[in-house]
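For reference, the structure is listed below as structure tokens.
The values are calculated or read from the model by the stated rules, or taken from the named source; none is laboratory data. Note that the coordinates shown come from a computational prediction; the quantities given were computed from them, not determined experimentally. Reconstructed Cβ throughout: ideal geometry from the backbone, glycine too, with neighbour counts over all protein chains shown. With ligands, DNA and RNA removed, areas are computed over all heavy atoms of the protein, side chains included. Shrake-Rupley method; radii C 1.70, N 1.55, O 1.52, S 1.80 Å.
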Amino acid sequence: MKAKIIGTEDGIIGVQVIDPRGNTHLVEIDVENEDTEDLHAQESYPNDPTERTAEQNQIMYQVRARARYEAHIATEHDILLPDWDPRQLRCGTESLENMSLKVFGDNFRDYYHALINPEKAREEYGITEGSIEFPGEPQIVLIMKGFCIDDQNEVVNVLPDMYIYYTNDQTEQTYTAGTSASCSDETTQLTVMLPPFVSISDDFNYPEDFRASVINNLVCQIRDIYRNMGEEPPANVDIEGFGKPAGNFDPDEF
């Protein structure tokens, strides 16, 4: 994808994007009203999503993501949340690397135990058969843990609660439990998002190896931000591991 800002007027940022097929798109982003849907003009694909192929729809969504990313990095406006800004995620990896192992271990121990023992996490968060939205035994598929960093890339708070996604084979929907806590306005919130661990090797050491797993997830999130925009990730983040749980890309391809 190639993108450039072509103008800003009356609170609207215009972004031109050239997709991988060489087609031109114009995306207009209203920075004064975040609830306004972006205007996406193009003449290469049907306007009705139901009339487009799956690949064409994916390209359209990737173009919009690329346009919003360009507006975010090329203007003074905050278009994206920190979790979708590679620069902020890199700051997050640096902040965790600079944390002492003891402080990291004390603050992320509950997250580690939830990932290695999701059955206990289900009980603690009330995700039990008979108390949920669907029949059958629920399965935790993703656990998220937020932390806050300051302008010096130091972790100033690890949010106490976790946010859990669960489902089972009898439903196509995913449900949530937990509290979506947030950081103060003076700090930046980033979120680690990992599925429960299938197994733990005998030589896995806490907290050092778990910190490596958390940092790996943040790097893989950066990787998936580029995939979400239809671009090849930079080589230094194109690594194996779990990143974003969903996006404008097919995880099975990778």
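Show me 238-251, 125-138 ranked by packing, highest mean number of other Cβ atoms within 10 Å first.
Peptide ranking by packing, descending: 238-251, 125-138.
When the Cα centres of region 1-76 and region 156-185 are compared, how far apart do they sit, in Å?
30
Any idea of the accessible area per residue across region 2-74, 1.4 Å probe, to the nearest Å²?
Spelled out: the 1.4 Å probe surface of region 2-74, per residue, equals 58 Å².
Would you mind telling me the share, in percent, of accessible area of the chain contributed by carbon and sulfur at probe 1.4 angstrom?
The nonpolar share, carbon plus sulfur, comes to 43 percent.
Answer with one residue from M162, A41, A235: the one whose Cα lies farthest towards the positive end of the charge dipole of the chain, charges on Cβ with Lys, Arg +1 and Asp, Glu -1.
The residue sitting most towards the positive pole is A235.
Write out the trypsin sites (Lys or Arg not before Pro) in region 2-31 meeting two conditions: DSSP loop, and at most 10 other Cβ atoms within 10 Å of their Cβ.
Passing sites in region 2-31 are R21.
What does the accessible area per residue of region 176-248 come to in Å², with a 1.4 Å probe and no ligands, DNA or RNA counted?
48
Would you work out which of V198, T93, G105 lies farthest towards the positive end of the dipole of region 82-229, given +1 charges on the beta-carbon of Lys and Arg and -1 on that of Asp and Glu, about the Cα centre?
T93
Pull out the extension gain between N47 and E154, defined as 0.36 nm times the separation in residues minus the alpha carbon to alpha carbon distance; nm, one decimal.
33.9 nm
List the cysteines of the chain that have no other Cys Cβ closer than 4.7 Å: which are they?
Flagged as lacking a Cys partner: C91, C220.
For region 184-201, just list the computed ³J(HN,Hα) in residue order, Karplus coefficients 6.51, -1.76 and 1.60, θ = phi - 60°, integers in Hz, with x standing in for Gly and Pro.
Each residue's phi maps through the Karplus curve to give 6, 5, 7, 10, 10, 9, 10, 9, 8, 9, 9, x, x, 6, 6, 7, 10, 6 Hz.
What's the angle, to the nearest 10 degrees (0 to 90), between helix 208-228's Cα axis and the longest principal axis of the chain?
The two axes meet at around 20 degrees.
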